[in-house]
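So the structure is just underneath, and the comments pick up after that.
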Amino acid sequence: MAEGMEAGVGPAARDDGAAGWRARLGWAFGLVSDDPGERTAALAHLDGARKNVRAACDRMNELWHLTSPLGPEEQYREPAFGRAREVYRDMCDRSLPEALWVGGDALGPRLPYALLFLEWEARFPREWTRHAKEWGTKQSLIRHVAAVDHDPPTRAKLVDLVEVVVHRAHRCKDREYVRVARAVDGEDLRRRLDGAAASDNPWARLHAGYVLRLLDQPEVPNTRHVWRTWIRDASETP
């Protein structure tokens, strides 16, 4: 078992409330710290957590192969295999992005860590790409957080994210942020997008103009074709 894996933690000991998630993932806020030392420490923690996930996954798969002759019903009642699944789940819940691989529409107490993961990718893309690149997870989380019923602090965080993204060179899945912009549309967001569209940054002008157009025309779909047409037209404009 990899260093740091806690064999005594199982479903009975889980706390799936905000306190439990903070105990498991509170260290991750260091990933977006302005202090390079704090980010380095958080990255080292993340590398260890992901190592534990891989070790737990290998052990679970090993036991899956060993118990598969028992048949599906008996296999999933086999104690060692059941324990390996519990350990794997626990290790995932202590790592990013694994803790954010959720089904359904609700992130619940994981929402702060979804926002953290997106902020990390937006502000420190090289570190994100090196340590936890998961484009599918990025896309899924953006779609999860693109909701209209967030509290004011969460809405403010989402507005900040949209502003950061429109100012940079386009990255994979950035177009998904149009969903977020439409969900949190308002005076503050429009003011920031107008500023970006009028800036000297060509990426900011391109991205902010696109987002503003789709905010003004909600009937226009946010498709790859629409995005490419916008880029083509912008390049032809003197």
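The values are calculated or read from the model by the stated rules, or taken from the named source; none is laboratory data. As the structure is a computational prediction, the values presented were derived from the model and not from experiment. Note that we place each Cβ from the backbone using ideal geometry, even for glycine, and neighbour counts take in every protein chain shown. Each accessible area value is taken on the protein alone, full model and side chains, heavy atoms only, with ligands, DNA and RNA left out. Shrake-Rupley method; radii C 1.70, N 1.55, O 1.52, S 1.80 Å.
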Members of the range 64-75 that are surrounded by 15 or more Cβ atoms within 10 Å (Cβ to Cβ) and in contact with an Asp or Glu (Cβ under 8 Å, 6 or more places away or on another chain): Thr67
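Return yes when Leu116 is within 30 Å of Val164 (Cβ to Cβ), touching a Phe, Trp or Tyr at 6+ places or on another chain (Cβ under 8 Å) and not in a helix (DSSP H, G or I) and no when it is not. Quick ask: steps written out before the conclusion?
Values: within 30 Å of Val164 (Cβ to Cβ): yes; touching a Phe, Trp or Tyr at 6+ places or on another chain (Cβ under 8 Å): yes; not in a helix (DSSP H, G or I): no.
No; evaluated as a whole, the condition is false for this residue.
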From the options Ala23, Ala84, Ala18, Ala28, residue that is open to solvent by 30 Å² or more (accessible area, probe 1.4 Å) and either in contact with a helix residue (DSSP H, G or I) (Cβ under 7 Å, 6 or more places away or on another chain) or among the acidic types (Asp, Glu) (or both): Ala18
From the options Gly82, Gly103, Gly71, residue that is of a type in the set (Gly, Ala, Ser) and modelled with pLDDT under 90: Gly103
Some residue of the range 92-101 being aliphatic (A, V, I, L, M) and open to solvent by 50 Å² or more (accessible area, probe 1.4 Å): no
Helices (runs of 4 or more DSSP H) (entirely within the range 137-231) containing at least 3 residues that are buried (at least 16 other Cβ atoms within 10 Å of the Cβ) and more than 18 Å from the chain's Cα centre (by Cα): 187-197, 202-216
